[in-house]
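Here is the structure we will look at, set down as structure tokens.
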Amino acid sequence: MKEQPNNPLHGIRLDKILNDLVDHFGWGTLGQIIKINCFRNNPTVNSSLKFLRKTDWARKKVEDLWIELKSNGDLKS
């Protein structure tokens, strides 16, 4: 793989991003920040990943939130 120094998501899997956000916020708060049903009604990592992989706008919101938290140093991992 080629290096992508300007891409903060390079080499980061969607399941890691989602798990980091759930660990940081919990499902309830994450569902308030990003208003999508898979975070609000009976949320699971698998169902959320399935939705995010099919829905570009929702995935972008999740990735953007993760990038923002990571750049602010708010995420542990």
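Of the residues making up the range 64-77, those that are open to solvent by 40 Å² or more (accessible area, probe 1.4 Å) and either under 15 Å from Arg13 (Cα atoms) or in contact with a strand residue (DSSP E or B) (Cβ under 6 Å, 6 or more places away or on another chain) (or both) are Asp64, Ile67, Lys70, Ser77. Sub-7 Å Cβ pairs linking a first residue in the range 33-60 that is within 17 Å of Asn19 (Cβ to Cβ) and free of Cβ contacts under 8 Å to residues at least 24 places away in the same chain to a second residue that is open to solvent by 40 Å² or more (accessible area, probe 1.4 Å) and not in a loop (DSSP other than H, G, I, E, B), at least 6 apart or interchain, are Cys38/Ser47; Cys38/Phe51; Phe39/Trp27; Pro43/Trp27, ordered by first then second residue. Of the residues in the range 20-28, at least one is closer than 21 Å to Asn7 by Cα and touching a residue at least 12 places away in the same chain (Cβ under 8 Å). Flag: Asn7 does not match the condition of being open to solvent by 100 Å² or more (accessible area, probe 1.4 Å) and more than 14 Å from Leu69 (Cα to Cα).
The values are calculated or read from the model by the stated rules, or taken from the named source; none is laboratory data. Keep in mind that this is a model prediction, so the values were computed, not measured. Glycine also receives a Cβ, built like all others from the backbone with ideal geometry; neighbour counts cover every protein chain displayed. Just so you know, the surface numbers come from the protein's heavy atoms only, side chains and all, with ligands and any DNA or RNA stripped out. Shrake-Rupley method; radii C 1.70, N 1.55, O 1.52, S 1.80 Å.
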